[in-house]
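*Asks:* I'd like to ask some things about the structure below.
The values are calculated or read from the model by the stated rules, or taken from the named source; none is laboratory data. In this text the structure is predicted, and so the values were computed from the model without any measurement. Virtual Cβ from ideal backbone geometry, glycine too; neighbours counted across all protein chains shown.
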Number of protein chains: 2
Amino acid sequence: MQLSDAEWIVMNLIWDSQPTEASDVIAALGADNGWSDATVKTMLHRLVKKGALTTEQIGKKYRYTAAVRQSACVRKASRSFVDRVFGGDAAPALLHLVKTAKLSEVDLTELRELLDTKANSRNSKNKGSKE
Amino acid sequence: MQLSDAEWIVMNLIWDSQPTEASDVIAALGADNGWSDATVKTMLHRLVKKGALTTEQIGKKYRYTAAVRQSACVRKASRSFVDRVFGGDAAPALLHLVKTAKLSEVDLTELRELLDTKANSRNSKNKGSKE
DNA sequence: AGTGTCCGATTACAGGCGTAAACTGTTTGC
DNA sequence: GCAAACAGTTTACGCCTGTAATCGGACACT
């Protein structure tokens, strides 16, 4: 599922607080982004049409629920980003992001732990090709 | 400078081997991507028009040279990626990428060193930003 | 019951993108 | 010198995007 910029904004909101009604989305995004009602409605409709959202009719209103997992979309977008900007090579991408990002100490610690984990698992079982 | 997918492909090639003539780009990208000559020409033209490339006429041919720094485009694309997918928060982006990326031991080491550097510089010049 | 209101659906429209053919002018081989 | 090759410019076209107005049906209030 490829999402456009604007669609990401909508989906991020819905992933955070699904199921959601259109009015909530309209309120939130109108305030945050200055989109008109009509624009948000269009977004919702397109997302339903492309299968990223489902609607269930509760009484007379509809509730919107994500039909695609956020993690899957994130994975896809990340790969696409690394592919296009770094030619598919994740390491320079990471280096770049670390260099430019503002990271809290907690973030740094967490990242280091993750790297340690990766290094260890590599050392112990370095024949598992399970990705 | 915002580059589209296809434009990234062209620009990455040119950054790697500038200055370049159209024929080289056509040859490389025709082979790699199966693009027709016409398509590559269009890309080059559009990139010139949007200011990402410059042409200098050497004799009768033109040579294409990047007019924007790769690093600047990378920075912009990275920010845009983090913004759209992770709501501007770099830390989850990094965690995700580290989790899913295949990283060599060299990559891992390099990353850890970079993290250490960041942590140290933060500790030494910490002036109580409490956020 | 009529009218305003809310909400989803349909329609609109300009600009970007991927893809490419056609046109034009120059160079070069025959 | 003329035709083929080459290179840059113009034009084309359908789809996606961002942005939005308008339509149409159901409810709600007067």
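*Asks:* Just the residues that are loosely packed, with under 13 Cβ neighbours inside 10 Å, modelled with pLDDT of 90 or more and away from DNA strand D (no atom under 13 Å from the Cβ), please, taken from segment B:10-49.
*Replies:* B:16
Residues are listed down the side, and each one gets a yes or a no for (1) farther than 28 Å from residue A:7 by Cβ; (2) touching a residue at least 40 places away in the same chain (Cβ under 8 Å); (3) more than 7 Å from chain B (Cβ to nearest Cβ); (4) in contact with a His (Cβ under 9 Å, 6 or more places away or on another chain):
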{"position": "A:92", "(1), (2), (3), (4)": "no, no, yes, no"}
{"position": "A:100", "(1), (2), (3), (4)": "no, no, no, no"}
{"position": "A:110", "(1), (2), (3), (4)": "yes, no, no, no"}
{"position": "A:116", "(1), (2), (3), (4)": "yes, no, yes, no"}
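*Asks:* Of the residues that sit in segment B:31-56 and are more than 12 Å from DNA strand C (Cβ to nearest atom) and aliphatic (A, V, I, L, M), which one is farthest from residue B:20 (Cα to Cα)?
*Replies:* Within segment B:31-56, the match that is farthest from residue B:20 (Cα to Cα) is B:31.
*Asks:* Moving on to the next point. Among (1) in contact (Cβ under 8 Å) with a residue 40 or more places away in the chain; (2) over 30 Å from residue A:106 (Cα atoms), where does residue B:34 come up short?
*Replies:* Going through (1) in contact (Cβ under 8 Å) with a residue 40 or more places away in the chain; (2) over 30 Å from residue A:106 (Cα atoms) one by one, residue B:34 breaks only (1).
Each row is one residue, and each column tells you yes or no for (1) within 16 Å of DNA strand D (Cβ to nearest atom); (2) touching a His at 6+ places or on another chain (Cβ under 9 Å); (3) within 14 Å of chain B (Cβ to nearest Cβ).
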| position | (1), (2), (3) |
| --- | --- |
| A:3 | yes, no, yes |
| A:8 | yes, no, yes |
| A:60 | yes, no, no |
| A:78 | no, yes, yes |
